[in-house]
Structures are given as C-alpha cells and as structure tokens.
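Chemist: This is the structure, below, for whatever I ask next.
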Amino acid sequence: LPGWARVGDAITKTYVFANFPEAVAFVDDVVPIAEAMDHHPDLDIRYNKVIVTLSTHDAGGITGKDVVQ
C-alpha cells in the first residue's frame, strides 16, 4: 500500500494538510466511511497532520479489513 508502513501489528500513514481545519475536515470525512465498514482507525491529529493507524484489534493484528481499498 503506497505511503503506508507496518508498525508492529498495525499499518500507519501520515497525511499532511495546509492547516488544522483541513486536518479536522479529513477526519470528518473518515468517520462515515469507518462507521459504514464497522472498522475504526486510530486517528491522531497533530495540528496539520493526521496519523492514521489501522489494525484489527479483535484479531490481534493486520487483516483484510485493514487493507481494503
């Protein structure tokens, strides 16, 4: 997956935006997708950056749910 890296039992990617409102808007866009999939990423907002981490916690690591495009 381009731009994603494996970190332990998860995959992670950092998205960089022009400012904080754009970063928060990105998170707002992620929410309905995650809800529809019933698969929720860890989202870490750092001003203009959003670090997205995916892992299937109940399976103990990365599964097909984490790599669906």
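Chemist: Please compute the per residue accessible area over the chain with all protein chains in place, 1.4 Å probe, rounded to a whole number of Å².
Modeler: Accessible area per residue, the chain: 66 Å².
Chemist: Ordering ASP58, ASP42 from largest to smallest accessible area (1.4 angstrom probe), what's the sequence?
Modeler: I get ASP58, ASP42, largest accessible area first.
Chemist: Compute the acute angle (0 to 90°) between the alpha-carbon long axis of helix 20-37 and the principal axis of greatest extent of the alpha-carbon atoms of the chain; round to the nearest 10°.
Modeler: The answer is roughly 30 degrees.
Chemist: Placing +1 at every Lys and Arg Cβ and -1 at every Asp and Glu Cβ, with all other atoms neutral, what dipole size does the chain have around its Cα centre, in debye to the nearest 20?
Modeler: Numbers: 5 positive and 10 negative charges, 66 e Å.
So the magnitude is around 320 debye.
Chemist: Once amide H atoms are placed 1.01 Å from N in the peptide plane, what residues at a sequence separation of 5 or more from THR63, or on another chain, have their amide H within under 5 Å of its amide H?
Modeler: Distant-sequence amide H within range of THR63: THR56.
Chemist: Still on this structure, I have one more. In whole angstrom, how long is each semi-axis of the equivalent ellipsoid of the chain, when you take the square root of 5 times every eigenvalue of its Cα gyration tensor and sort them from largest down?
Modeler: 21, 14, 9
Chemist: Could you pull the accessible area for ASP44 with a 1.4 Å probe, rounded to 10 Å²?
Modeler: Rounded to the nearest 10, the figure is 50 Å².
Chemist: For VAL16, put the label point 7 Å out on the Cα→Cβ axis and report which residues of region 28-69 keep their amide N under 12 Å from it.
Modeler: Inside the label zone: 48-50.
The values are calculated or read from the model by the stated rules, or taken from the named source; none is laboratory data. All figures in this text were calculated on a predicted structure; none of them were measured in a lab. With ideal geometry, Cβ positions are generated from the backbone for all residues, glycine too; neighbour counts draw on all protein chains shown. Note: areas computed on protein heavy atoms with side chains; ligands, DNA, RNA excluded. Shrake-Rupley method; radii C 1.70, N 1.55, O 1.52, S 1.80 Å.
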